[in-house]
Amino acid sequence: MSPARDRAAAFCARFGLRIPILQAPMAGACPPALAAAVAAAGGMGGMGALMSSPAAIGDWAREVRAASNGAFQINLWIPDPPPQRDPEHEAAVAGRLSRLAGFEVKLPGEGPFVQDFAAQVEAMIAAGPAVASCIMGVFPPEVAARLKERGILWIANATTIAEARAAEAAGAAAVIAQGAEAGGHRGAFDAAQAEAQCTGLFALLPQMADAVGIPVVAAGGIMDGRGIAAALTLGASAVQLGTAFLRCPETAVHPAWAAALAAAAPEDTVLTRAFSGRLGRGLRNAVVQAFAGDLAPAPYPVQRALMAPVRAEAEKAGDISRMQAWAGQGVALGRAEPAAALVRRLWEEATALLP
């Protein structure tokens, strides 16, 4: 076997997979049906649990297990420090969103606007996934120790070599190399540094693979077998795809979002803090443009709270110009096909190209 095939085979053996493809844990776009389909095909399903209550985490895991005996990951955000609040700035943001939405966007109150992280950790451990994953940092030592005791493998998201080394030192079993092409939120450990840490995947990946002794999973812009084969050749042991799954029927994203994905070109995606206050890549629309100039968004998670009523009304109206529509730069290569068929097709395409 070739080194690329050897790495993929070793990763699959350790993580209980038949195909080294992970479904990205996309908060708000990861229903149990999607994860179950990916897992049934031999890949790894995923839950982005950022916005999920502890009860919802347990329910999600039970639904996936009822539909598939395959592997899945549950992903949590490492909490940021409490944001610095600025009532005057928040009022300006609310005013701009009000003009955009056509109704009054009220100030969000005291917060905290996020789920209780400790309670989410307890629910995740109780759910007993094959893999626990994290983004925006590393699990605290006590959490890492409990995962190890339960036999739950831990994968950490990293956007730089330094972050990957920190994850390895903290006990992660593998690391995600998140390139700047990736849709959704950037995983920078320091939120303020996210814009400065936007290395493309195929520059980041081989350097990260050389820098750490744990498997590296490639993420960002990978949409077909060519991308998978290239990532494995450059040192990855597996790949993680998000945008590639958005048009699958099991994902069931809003029809307006799905239609926009089908029509999008690479240059239609942009990095922005407009939707949540954290840097992420999505389709350029009126919300993005509203915060592309003189007014910065509020910090995370205040901006997400301010945007919540705007998003809800936009989804009700089917108005993509005001929706949160994450997408990676590979969006134009996406297809609307069942998730299991997508996983199998992509791996067939990749193996045909690997030596």
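Residues in the range 21-49 that are under 29 Å from residue 5 (Cβ atoms), surrounded by fewer than 23 Cβ atoms within 10 Å (Cβ to Cβ) and not hydrophobic (A, V, I, L, M, F, W, C): 42 alone.
Mind listing just one residue for me: the one in the range 321-355 that is touching a strand residue (DSSP E or B) at 6+ places or on another chain (Cβ under 8 Å) and not in a helix (DSSP H, G or I) and, of those, most open to solvent (accessible area, probe 1.4 Å)? Outline the logic, then answer.
Within the range 321-355, the first condition is being touching a strand residue (DSSP E or B) at 6+ places or on another chain (Cβ under 8 Å), and the residues that meet it are 324-329, 331, 339, 343, 346-347.
After this cut, where a residue has to be not in a helix (DSSP H, G or I) as well, the list is 324-329.
On the way: 324: 31, 325: 1, 326: 32, 327: 0, 328: 3, 329: 70 Å².
Checking each candidate, the answer is 329.
Quickly run through the range 162-193 and pick out the residues that are surrounded by fewer than 21 Cβ atoms within 10 Å (Cβ to Cβ) and assigned to a helix (DSSP H, G or I). Once the filter is applied, which keeps residues that are surrounded by fewer than 21 Cβ atoms within 10 Å (Cβ to Cβ) and assigned to a helix (DSSP H, G or I), the range 162-193 yields 162, 165, 166, 168, 169, 170, 191, 192, 193. The single residue among 293, 318 that is small (Gly, Ala, Ser), surrounded by fewer than 20 Cβ atoms within 10 Å (Cβ to Cβ) and modelled with pLDDT under 95 turns out to be 293.
Against the condition open to solvent by 40 Å² or more (accessible area, probe 1.4 Å), in contact with a Leu (Cβ under 9 Å, 6 or more places away or on another chain) and farther than 24 Å from residue 220 by Cβ, how does residue 255 come out, does it pass?
Numbers: open to solvent by 40 Å² or more (accessible area, probe 1.4 Å): yes; in contact with a Leu (Cβ under 9 Å, 6 or more places away or on another chain): no; farther than 24 Å from residue 220 by Cβ: yes.
Against the criterion (open to solvent by 40 Å² or more (accessible area, probe 1.4 Å), in contact with a Leu (Cβ under 9 Å, 6 or more places away or on another chain) and farther than 24 Å from residue 220 by Cβ), residue 255 does not qualify.
Of all residues in the range 302-315, exactly one satisfies the criterion of being buried (at least 24 other Cβ atoms within 10 Å of the Cβ) and of a type outside the set (A, V, I, L, M), namely 303. Scanning the range 50-66 for residues that are open to solvent by 70 Å² or more (accessible area, probe 1.4 Å) and assigned to a helix (DSSP H, G or I) yields 59, 62, 63, 65, 66. Residue 115 meets the conditions (1) in a strand (DSSP E or B); (2) open to solvent by 10 Å² or more (accessible area, probe 1.4 Å); (3) not small (Gly, Ala, Ser) in every case but one. The failed one is (1).
For the range 126-143, a tally of residues being touching a helix residue (DSSP H, G or I) at 6+ places or on another chain (Cβ under 9 Å), surrounded by 18 or more Cβ atoms within 10 Å (Cβ to Cβ) and either assigned to a helix (DSSP H, G or I) or among the hydroxyl-bearing types (Ser, Thr, Tyr) (or both) returns 2.
Looking at 7, 18 in this structure, which one is under 21 Å from residue 231 (Cβ atoms), open to solvent by 60 Å² or more (accessible area, probe 1.4 Å) and in a loop (DSSP other than H, G, I, E, B)? Lay out the reasoning, then the answer.
Working: 7 fails: in a loop (DSSP other than H, G, I, E, B).
From the options 7, 18, the qualifying one is 18.
For the range 201-313, the helices (runs of 4 or more DSSP H) that sit wholly inside it and include 2 or more residues that are closer than 19 Å to residue 34 by Cβ are 255-263.
The values are calculated or read from the model by the stated rules, or taken from the named source; none is laboratory data. All figures in this text were calculated on a predicted structure; none of them were measured in a lab. When we count neighbours, we look across all protein chains shown, and the Cβ atoms used for this are built from the backbone with ideal geometry, even at glycine. Just so you know, the surface numbers come from the protein's heavy atoms only, side chains and all, with ligands and any DNA or RNA stripped out. Shrake-Rupley method; radii C 1.70, N 1.55, O 1.52, S 1.80 Å.
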